[in-house]
1. Calculate one ³J(HN,Hα) per residue across the range 473-478 by plugging θ = phi - 60° into the Karplus curve 6.51 cos²θ - 1.76 cosθ + 1.60, and present them in order as whole Hz with x for glycine and proline.
2. For Glu42, Glu13, Glu230, what ranking results if the residue with the fewest other Cβ atoms within 10 Å of its Cβ goes first?
3. What is the range 9-276 by shape, rounded, prolate or oblate, if you read a ≥ b ≥ c off the alpha carbon gyration tensor as root eigenvalues and call it rounded for a/c under 1.5, prolate for a/b larger than b/c, and oblate otherwise?
4. So what are the ³J(HN,Hα) numbers for the range 350-364, from phi and the Karplus equation (6.51, -1.76, 1.60; θ = phi - 60°), rounded to whole Hz, Gly and Pro as x?
5. Over the range 340-410, calculate the relative contact order: mean separation of alpha carbon pairs under 8 Å at least 6 apart, over the residue count, as a percent.
6. Using Cα pairs under 8 angstrom and six or more residues apart, how large is the relative contact order of the range 9-276, in percent?
7. Per residue of the range 81-94, in order, report the coupling 6.51 cos²θ - 1.76 cosθ + 1.60 (Karplus, θ = phi - 60°) as ³J(HN,Hα) in whole Hz, putting x for Gly and Pro.
8. Quick one: putting +1 on the C-beta of Lys and Arg, -1 on the C-beta of Asp and Glu, what dipole do you get for the range 9-276 around its Cα centre, in Debye to the nearest 20?
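Just so it is clear, none of the values below were taken in a lab; they were calculated from the coordinates. Just so you know, these numbers come straight off a predicted model, no measurement behind them. Positions of Cβ are backbone-derived with ideal geometry, glycine not excepted, and every protein chain shown enters the neighbour counts.
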Amino acid sequence: MTLSNSAKVSCIEFSQQNNLILEGTQQGKILILNLEQQIQQETKSSHKDIITNLTNYDINTYLSGSQDSVIMIHDLRQNEPIAQIKQHKQQINDIVTDLDTFRFICGSQDATISVWDFRNYSQYQALLDHQDSVNNLLMIKNTNTLFTSGDKFMIQSWDINKQTQKNRISLTQQPIQKMAFDYQQDILICAQQDNLDIFNTELLQLNTIEMDWQRIKDIKIEDDIVKILEDRDVILKLHKFQLELNGQQVEDNQKDIKDIQIPFSQLMQFDQCFYPSQSKENFDQSYEEEDQISDDIITTQKLSLKFSQLIYTKSNQDKYIQLEIIQEISNDHSKIKMILNDRIQKLKPIIKLYSQNDMKQCIQQINRCNDNSALIDLFALLKLDPAQRKIQAEDIILLLENVIIILNSKYSYQVIKGLEFIKFCFYQIKDNILSYKTAKKQPQNKVQDKNQIRQKSYDTLILQFDKIMKLPKLNKLLQVKDTNLVNLTSQIKNEISQFLNKLE
């Protein structure tokens, strides 16, 4: 089936019982595609901004969230919203529903979570303070447990009834893009850009699967088969693999069952096959005492998923701590190795261009990497170059244009590196600029035509340093709690400002 559609789709939901596809658009409209009748219709009174989320509630009802911060409740039989909620201040990032308890839960970019009664659209309780943008929600059925993730690379678990945080764990890689729960094994699967992290319900990390993915659109789990929908360069790719957790490296045991590339134009056909089949879920798991393996710490080298869950629930805290340390070391080692290999691959062409003194191409290569760490590594090369290569004014212009990006990083380590490099560039070129300005004031030493390009570079650098000194970011850095950051910012701001005043 092919339907004409000029609107840009921002999110999608499949209503299996009605054989409908719901599409949210960047224009704030919701399109309903009937797969049987092959017709398309548009809902009335849609949102005023990009649709960010569509979620089914029951056979006749679904919810929508948008960048306009409004939540709308829709009835398919009426083809228009039956209610709207304006509780949040910023865009709605995710909505989950619990039909058994008549609840739906909304997460917003305003760092709050709201819980609602679907029967009268009233709020169960006050907003939960998430501390950062709520990007993903996952409600565990038949429980009061809610898992969330946001911008701070952290997964949190909440007790919805008590309005309390139960547990949390920090990640060091990327923000979580999607979460799913395997009810047969009681495990939480969290997808980042480069890997899947697997946890038990107490957020004890059980394993990591390393993958080469870009943007994860959805995760489904059925009969121990994990299905990942990836958006890669206008192509949707469906990855399927068997999830095996036997205490060994998952990537050595996983089996790539199927890898499909699907153009966006064929998305409707794809959604039918991607949606999980209707099957009764097994929520309860019990482990008999005689089946439990001895919890001697020596046996944890070949730790199974079931065994790790048993140990976590035991009262022997010493052994739990030892196990946790072993798992953290193993996971950290794998992540560090992956990060270093990635940085090495990015650095190889940069080092080659640097050795050829082609700073322009070097900077362009870094821009293609789209990674602050590559720029920081180049700074390290410049400072520790055994040949004491003297960078030219033209090179510093290119470098300072990029260092501003690092100053806007959310990581203080990267901000400090950016400040240090501004200081490094300033010390490298300040004497040349001063000599140029002094010579320029003397009529007998006016610049010759052959040196006009170099002199123009000095003028550009003066403007660049002046622009950096006027950045609002520098004033904000003077007010942070990190004394090292404040002292470094103050030193740079004072030295460069005094130098610029001296040139006037």
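1. Couplings: 4, 5, 5, 5, 5, 6 Hz.
2. Glu42, Glu13, Glu230
3. Oblate, since a/c reaches 1.5 and b/c is not below a/b.
4. 5, 5, 4, 5, 5, 5, 8, 6, 9, 5, 4, 5, 4, 5, 4
5. Computed over the range 340-410, the figure is 31 percent.
6. 8 percent
7. 3J(HN,Hα) across the range 81-94, in whole Hz: x, 9, 6, 9, 10, 10, 8, 8, 9, 10, 4, 8, 9, 7.
8. Result for the range 9-276 is approximately 720 debye, rounded to the nearest 20.
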